[in-house]
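*Asks:* Encoded as structure tokens, here's the structure I'll be asking about.
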Protein chains: 2
Amino acid sequence: MLHAVIMAGGSGTRFWPASRREMPKQLLPIGGAEPLLVRTLGRLRPWIPPERTWIVTTERLVPAVRGMVPEIPGANVLGEPVGRDTAACAGFAAVRLLADDPEAVCLVLPADHVIGDGAAFRSAMEAGAAHVERHGGLLTFGVRPTRPETGYGYLRPGPVAARAGGYAVHRLERFIEKPDVDTARRYLAEGGYLWNSGMFAWRAAELLAEIRRQLPGLAEGLEAIAASLGTPSEAETIARVYPSLPRTSVDFGIMEGAELAWCIPVEFPWSDVGSWQAAWEVAPRDADGNALQGRVVALDSKGVMAVSTPGGPTIVVAGVEDLVVVATGDAVLVVPRDRAQLVRDVVKALEKDGRSDLL
Amino acid sequence: MLHAVIMAGGSGTRFWPASRREMPKQLLPIGGAEPLLVRTLGRLRPWIPPERTWIVTTERLVPAVRGMVPEIPGANVLGEPVGRDTAACAGFAAVRLLADDPEAVCLVLPADHVIGDGAAFRSAMEAGAAHVERHGGLLTFGVRPTRPETGYGYLRPGPVAARAGGYAVHRLERFIEKPDVDTARRYLAEGGYLWNSGMFAWRAAELLAEIRRQLPGLAEGLEAIAASLGTPSEAETIARVYPSLPRTSVDFGIMEGAELAWCIPVEFPWSDVGSWQAAWEVAPRDADGNALQGRVVALDSKGVMAVSTPGGPTIVVAGVEDLVVVATGDAVLVVPRDRAQLVRDVVKALEKDGRSDLL
């Protein structure tokens, strides 16, 4: 059966002050009316039912996540005691899935991306799932670049090896870390490079086999967890084992060395919304190019991303351009849109100032 | 005896969101640590004692004012049921003063100005007071312009007629409404024009005589109030009479037509701080030209005026220049410093939107 595994463990600081330790990006309505996690789940309806939808998140966020998506069975929301990157996350979900469904095929999807065309997304995902169900191997989706983006990792597809549901399925050649702008321009000009979307498809059993082969330390930990599932020692085992799991990504830790790795190029509008600037790009905007969320009044202003979170103050922007203004009950951020990456420095400065009350 | 009359009736909207109906500019710490009213009173110590210091303010602000300046006897804080411009305000204070001191000489001073040199201010005020005590007449102080300011009214002094405490005392020729920028430039180039400071000196009895001569309607109302002072009908009389007083300024309603009007040019640093831009100009600034009040963190920012009022959120500005950011518990304003006059439009827009909760 086809399952969806939503990786919702991030605790990003790039959307401060809206994002907090207890309110990470995926729980926020970035660039839309509903939280990213809710929109991510919405894209799976009706083709993947709630009982085959799994969410892996930070343990302390489990109650908030369960409250936010009550249609998902509570037991399908898995808590990681600590984050150990995506390889551990995907492996944890796989061992849990296999306990229910030894034949499970999984789509593994980040909770915090914005995707523009639900139908195109669905057909690509179904093609990827059908391909791995038939041919095995681990499959990733690569987004056709539309600009020389330096904020994404890239991947290099090899030759076309098959077709699935109208999509070309390539062998996967390699993953590439975020490039500098000259390299990104070259990738765009040359073609043959894709943005690394962080979305995957595989049989759960096959993922675990690759983990066993390439990451024996991770495999050992996951096997201990698998053995404890449904026993009285489950929680204790997870709490004990998880922190010792090796910290590595699916991309570089598993897929790049996999015996059989695939890649499907996709073209639906996609953003990992990594900054307020990116949020502005994907958000609905008025005739002046302003993206306004919550109680915001804009006078004679253009290109503004302004967000007042629930319970936050009314924001009034007047006579400004290309600015990000975000207000919560206890903090206000003002930064130029094209320098939104300064938020990381802001968070560091607040940490240094002992203002953890704001983080 | 010399008295000070502080005109504290303004209910400006130019410092929104810090200023509100119940919290006008003069009660705010604009451009400094203490409220403007407190700093205005501080300039009078120790040469005018609290019992000869009078404050005229809006009736509903009387409790707040009394609480803010507890050293002033409560009875010296006079409440106007409605604002009727400065002629009524000065006349009201005069009738009240005369009940205590028939020989009263008054300095009449706005509560909401910033003055840079306390000693120079005091010597000019004492010179003006001494002059009217000796020679009679109504006297105003004019500030020597340092730039072609279009935000101030001007006054035109006539020939020097006397000297007082080292100051030239001119006959006053006329008052001039706020000029356009070309005219303001000409005034600056020609010399012989002064900024209208709105500060005056006169014997209380003489002010009332001029009111009687030029503004019989105002005189009649003030006489009714005078007759009621100290009687059981005082409050009722003020409440009834005040709204019927003619609305005119001391400048154009009384001084311009006065039989004997003087003007002393002064040179102390002076600002009526009519905008957030002006507040920035008079405020202490850091090495990057930022004026930060309350909980504010500035990263890589220049020329910023940022104010978080008590109980307001922490403001973080990052990578911005020449911006005004003001935050209270319920509202945030972001406007370019050189367009701070947009605040008036903001207030109008909020009124129109029915957001009187924010006004």
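No lab work stands behind these numbers, since they all come straight from the coordinates. None of these values were measured; they are calculated from a predicted model. Cβ: placed from backbone, ideal geometry, glycine included. Neighbour counts: every protein chain shown.
*Asks:* Considering only A:Pro73, A:Ile6, A:Pro148, whose Cα is most displaced toward the positive end of the charge dipole of the range A:2-271, charges sitting on Cβ of Lys, Arg (+1) and Asp, Glu (-1)?
*Replies:* Farthest along the dipole direction, towards plus: A:Pro148.
*Asks:* To check you understand DSSP bridge types, tell me what percent of the beta bridges within the protein assembly as shown (both residues inside) are antiparallel, rounded to 5. Don't skip to the answer; put the middle values down first.
*Replies:* Working: 56 of 130 bridges.
Here the share of antiparallel DSSP bridges comes out near 45 percent.
*Asks:* Just how large is the dipole of the range B:4-67 about the Cα centre, in debye to the nearest 20, putting +1 at every Lys and Arg Cβ and -1 at every Asp and Glu Cβ?
*Replies:* On the way: 10 positive and 4 negative charges, 24 e Å.
Dipole of the range B:4-67, to the nearest 20 debye: 120 debye.
*Asks:* Computed over the Cα atoms, what is the radius of gyration of the range B:1-155 divided by 2.2 N^0.38 Å, N being its residue count?
*Replies:* On the way: Rg = 15.3 Å, N = 155, 2.2 N^0.38 = 15.0 Å.
So the range B:1-155 has a normalised radius of gyration of 1.03.
*Asks:* Taking each residue of A:290-298 in turn, how many C-beta atoms of other protein chains fall within 10 Å of its C-beta, and what is the average?
*Replies:* Shielding by partners across A:290-298 averages 2.
*Asks:* Work out the charge dipole of chain B with +1 on the Cβ of Lys and Arg and -1 on the Cβ of Asp and Glu about the Cα centre, then indicate which of B:Asn290, B:Phe200, B:Ser244 is farthest towards its positive end.
*Replies:* The listed residue farthest towards the positive side: B:Asn290.
*Asks:* Roughly how far apart, in whole Å, are the Cα centres of the range A:80-110 and the range A:335-353?
*Replies:* Value for the Cα centre distance between the two parts: 33 Å.
*Asks:* Once each part is reduced to its C-alpha centroid, what is the distance from the range A:1-63 to the range B:264-309 in angstrom?
*Replies:* A separation of 44 Å, based on Cα centres.
*Asks:* If you put a point 7 Å past Cα along the Cβ direction, how far is that point for B:Val181 from the same point in each other copy, in nm, smallest first?
*Replies:* Spelled out, the distances from B:Val181's label point are 3.4 nm.
*Asks:* Among A:Val95, A:Val108, A:Leu222, pick out the residue whose Cα is farthest towards the positive end of the charge dipole of the range A:2-271, where Lys and Arg carry +1 and Asp and Glu carry -1 on C-beta, about the Cα centre.
*Replies:* Of the candidates, A:Val108 comes out farthest on the positive side.
*Asks:* Next question. When the Karplus curve 6.51 cos²θ - 1.76 cosθ + 1.60 is applied with θ = phi - 60°, which whole-Hz ³J(HN,Hα) does each residue of the range B:227-242 get, with x for Gly and Pro?
*Replies:* Karplus-based 3J(HN,Hα) across the range B:227-242 equals 5, 8, 4, x, 9, x, 8, 4, 4, 5, 5, 4, 4, 7, 7, 3 Hz.
*Asks:* Share of antiparallel DSSP beta bridges in the range B:276-358, in percent to the nearest 5? Each step should come with its number before you reach the end.
*Replies:* Numbers: 5 of 17 bridges.
Taking every DSSP beta bridge with both residues in the range B:276-358, the antiparallel ones total about 30 percent.
*Asks:* Still on this structure, I have one more. Do me a favour and compute the ellipsoid semi-axes for the range B:276-358 from its Cα gyration tensor, root of five times each eigenvalue, largest one first, whole Å. All intermediate terms of the calculation are to be shown ahead of the outcome.
*Replies:* Numbers: eigenvalues 103, 42, 21 Å².
The equivalent ellipsoid of the range B:276-358 has semi-axes of 23, 15, 10 Å.
*Asks:* Would you please give the residues with an amide H less than 5 Å from that of A:Thr58, counting only those at least 5 places away or on a separate chain, with H modeled from the backbone geometry?
*Replies:* Distant-sequence amide H within range of A:Thr58: A:Glu80.
*Asks:* Still on this structure, I have one more. If you count the DSSP beta bridges with both ends in the range A:2-271, what percent of them are antiparallel, to the nearest 5? Write down the numbers at each step before the final one.
*Replies:* Details: 23 of 44 bridges.
Roughly 50 percent of the beta bridges in the range A:2-271 run antiparallel, per DSSP.
*Asks:* Related question: By how many degrees, 0 to 90 and rounded to 10, does the Cα axis of helix A:204-214 deviate from the longest principal axis of chain A?
*Replies:* 90
*Asks:* Given Cα pairs under 8 Å that are at least 6 residues apart, what percent is the relative contact order of chain B? Kindly include the intermediate steps, with their values, before the conclusion.
*Replies:* Working: 739 pairs, mean separation 68.9, N = 359.
Once normalised by length, the contact order is 19 percent.
*Asks:* Could you tell me what % of all Cα pairs in the protein assembly as shown have separations over 44 Å?
*Replies:* Numbers: 112099 of 257403 pairs.
The share of Cα pairs beyond 44 Å in the protein assembly as shown comes to 44 percent.
*Asks:* Continuing with the same structure: Just to be sure I understand the model, the point goes 7 Å from the Cα along the line to the Cβ. What's the resulting A:Asp182 to B:Ala287 distance in nm?
*Replies:* My value for the distance between the label points is 3.5 nm.
*Asks:* Also, I was wondering about something else. Between B:Asp288 and the same site in the other copies, what are the distances in nm, shortest first, taking label points 7 Å from Cα along the C-beta direction?
*Replies:* 2.6
*Asks:* Could you give me the percent of Cα pairs per 10 Å distance bin for the range A:205-359, shortest bin first, beginning at zero and ending with the bin that holds the maximum distance?
*Replies:* Going from the shortest bin to the longest, the percentages are 9, 24, 19, 21, 21, 7, 0.
*Asks:* Here's something else I'd like to know. Each residue of the range B:30-45 in turn: what ³J(HN,Hα) in whole Hz from Karplus with 6.51, -1.76, 1.60 and θ = phi - 60°, glycine and Pro shown as x?
*Replies:* Karplus-based 3J(HN,Hα) across the range B:30-45 equals 5, x, x, 7, 10, x, 4, 4, 5, 5, 4, 5, x, 5, 8, 7 Hz.
*Asks:* With +1 on each Lys and Arg Cβ and -1 on each Asp and Glu Cβ, and nothing else charged, work out how big the dipole of chain B is about its Cα centre, in Debye to the nearest 20. Working shown, then result.
*Replies:* Numbers: 37 positive and 43 negative charges, 41 e Å.
The dipole magnitude comes to about 200 debye.
*Asks:* I would also like to ask the following. Tell me, Kirkwood radius of the range A:60-107 from alpha-carbon pair distances, in Å? Working shown, then result.
*Replies:* Details: mean 1/r = 0.0840 Å⁻¹.
Result for the range A:60-107 stands at 11.9 Å.
*Asks:* Would you please give the residues with an amide H less than 5 Å from that of A:Val296, counting only those at least 5 places away or on a separate chain, with H modeled from the backbone geometry?
*Replies:* So A:Val296 has HN proximity to A:Ile315.
*Asks:* So if we plug the beta-carbon distance of A:Asp100 and A:Arg247 into 1/(1 + (r/R0)^6) with R0 = 22 Å, what FRET efficiency do we get, rounded to 0.05?
*Replies:* Working: r = 27 Å, r/R0 = 1.23.
Computed FRET efficiency for A:Asp100 and A:Arg247 comes out at 0.25.
*Asks:* So, one more: Let me check against my output: what whole-number percent is the relative contact order of the range A:8-66, with C-alpha pairs under 8 Å and at least 6 apart?
*Replies:* Numbers: 49 pairs, mean separation 18.5, N = 59.
Relative CO of the range A:8-66 lands at 31 percent.
*Asks:* Can you tell me the relative contact order of the range A:1-104? Whole percent, Cα pairs under 8 Å, sequence separation 6 or more.
*Replies:* 29
*Asks:* Could you list A:Val82, B:Val307 in order of exposure, starting from the residue whose Cβ has the fewest other Cβ atoms within 10 Å? Don't skip to the answer; put the middle values down first.
*Replies:* Details: A:Val82 14, B:Val307 29.
Ordered from fewest to most neighbouring Cβ atoms within 10 Å, A:Val82, B:Val307 come out as A:Val82, B:Val307.
*Asks:* Using a label point 7 angstrom from Cα along Cα-to-C-beta, what distances in nm, from shortest up, separate A:Gly158 from the other copies?
*Replies:* 10.1
*Asks:* Within a 10 angstrom radius of the beta carbon, how do A:Val250, A:Val181 rank from fewest other beta carbons to most?
*Replies:* Ordered by Cβ neighbours within 10 Å, fewest first: A:Val181, A:Val250.
*Asks:* Calculate for chain A the 222 nm mean residue ellipticity that helices alone would give, adding -39,500 (n - 2.57) per DSSP H run of length 4 or more and normalising by residue count, nearest 500 deg cm²/dmol. Let's see the in-between values first.
*Replies:* Values: 10 runs with 108 residues, N = 359.
Per the formula, -9000 deg cm²/dmol.
*Asks:* Using only the Cα atoms, work out Rg/Rh for the range B:1-53, with Rh taken as the Kirkwood radius, to two decimals. If you can, show how the numbers build up before the last one.
*Replies:* Values: Rg = 12.6 Å, Rh = 12.0 Å.
Rg/Rh for the range B:1-53 comes to 1.05.
*Asks:* In nanometres, what is the gap between the two model label sites at B:His135 and B:Gln341, each 7 Å from Cα along Cα-to-Cβ?
*Replies:* The modelled label-to-label distance comes out at 3.6 nm.
*Asks:* So what's the range A:2-271 giving for Cα Rg divided by 2.2 N^0.38 Å, two decimals? Numbers along the way, then the final one.
*Replies:* Working: Rg = 17.7 Å, N = 270, 2.2 N^0.38 = 18.5 Å.
Its radius of gyration relative to the 2.2 N^0.38 Å reference: 0.96.
*Asks:* Arrange the following residues from fewest to most other Cβ atoms within 10 Å of their Cβ: B:Arg20, A:Arg213. Numbers along the way, then the final one.
*Replies:* Numbers: B:Arg20 19, A:Arg213 13.
Lowest to highest Cβ neighbour count: A:Arg213, B:Arg20.
*Asks:* Over the whole of A:334-347, what's the average partner chain Cβ count within 10 Å per residue? Rounded to a whole number, please.
*Replies:* Numbers: counts 15, 8, 5, 0, 1, 4, 2, 2, 8, 3, 1, 5, 6, 1.
Partner Cβ neighbours, averaged per residue: 4.
*Asks:* Please get the size of the charge dipole for the range B:133-182, origin at its Cα centre, with Cβ charges of +1 on Lys and Arg and -1 on Asp and Glu, quoted in debye to the nearest 20.
*Replies:* Numbers: 8 positive and 6 negative charges, 53 e Å.
Roughly 260 debye for the range B:133-182.
*Asks:* Under the Karplus relation 6.51 cos²θ - 1.76 cosθ + 1.60, θ = phi - 60°, what is the ordered set of whole-Hz ³J(HN,Hα) values for the range A:269-277, x standing for Gly and Pro?
*Replies:* x, 9, 8, 8, 5, x, 7, 4, 4
*Asks:* Additional query: Can you give the average number of partner chain beta-carbon atoms within 10 Å of each beta-carbon in peptide A:308-318, as a whole number? Let's see the in-between values first.
*Replies:* Numbers: counts 2, 0, 0, 0, 3, 11, 11, 5, 16, 6, 14.
That average works out to 6.
*Asks:* Right, here's the next one. Skipping prolines and chain starts, which residues have an amide H placed within reach, meaning under 5 Å, of the one on B:Met305, given they are 5 or more residues away or on another chain?
*Replies:* Those qualifying (amide H under 5 Å, at least 5 residues apart or on another chain) are B:Ala291, B:Leu323, B:Val324, B:Val325.
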